[in-house]
1. Could you list, in sequence order, the residues of segment 68-87 that are surrounded by 10 or more Cβ atoms within 10 Å (Cβ to Cβ) and either over 14 Å from residue 41 (Cα atoms) or not aliphatic (A, V, I, L, M) (or both)?
2. If you take the residues of segment 38-66 that are of a type in the set (Gly, Ala, Ser) and closer than 28 Å to residue 94 by Cα, which of them is surrounded by the fewest Cβ atoms within 10 Å (Cβ to Cβ)?
3. Inspect segment 91-99 for any residue being modelled with pLDDT under 95 and under 13 Å from the mean Cα position of the chain (by Cα) and give the result as yes or no.
4. Can you list the helices (runs of 4 or more DSSP H) found entirely within segment 3-109 that contain at least 2 residues being in contact with a Phe, Trp or Tyr (Cβ under 7 Å, 6 or more places away or on another chain) and not acidic (Asp, Glu)?
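The values are calculated or read from the model by the stated rules, or taken from the named source; none is laboratory data. Just so it is clear, the model here is predicted, and its values are computed rather than measured. Quick reminder, even Gly has a Cβ in these numbers, built from the backbone with ideal geometry, and neighbours come from all protein chains shown.
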Amino acid sequence: MPSWTGFNIQTRDRVQVRPHVEEYLPTINAPATALTTLYEILNQSEEIRKKLDQSSVGVVMDQALYAKAAEIAWKQDQFSNIVLRIGTFHTICVALAILGKRFELEIAV
């Protein structure tokens, strides 16, 4: 078996490779926790989804922003194609809290 590059050349030599471009979204100069800011983030995400002709788009937020954005998305049908996710840090925090409660030591007094 050849190296990784050789393997890719052998298996994908007839596939057209296109450059992949990633960009940052424009900055919104407003408090992140304001409902109007979150509404604007969801609007921009929906516009990007439409421009890219995708069936859905994922938006990752911290726990506090997720709670407010989910409230907005649940009330607005226009955001039904947006998949909201809690960020990795907060997911790990919740998992550690669950483990802590599950294996909590009972101290006899």
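1. Filtering segment 68-87 for residues surrounded by 10 or more Cβ atoms within 10 Å (Cβ to Cβ) gives 68-74, 76, 78-87.
Answer for segment 68-87, where residues must be surrounded by 10 or more Cβ atoms within 10 Å (Cβ to Cβ) and either over 14 Å from residue 41 (Cα atoms) or not aliphatic (A, V, I, L, M) (or both): 68, 71, 74, 76, 78, 79, 80, 81, 85, 86, 87.
2. Looking only at segment 38-66, we keep the residues that are of a type in the set (Gly, Ala, Ser), and these are 45, 55-56, 58, 64.
Still in the running and closer than 28 Å to residue 94 by Cα: 45, 56, 58, 64.
On the way: 45: 21, 56: 9, 58: 11, 64: 12.
Of everything passing the filter in segment 38-66, 56 is surrounded by the fewest Cβ atoms within 10 Å (Cβ to Cβ).
3. Checked segment 91-99: at least one residue is modelled with pLDDT under 95 and under 13 Å from the mean Cα position of the chain (by Cα).
4. On the way: elements: 4-12, 35-51, 63-75, 88-102.
Hits in segment 3-109: 63-75.
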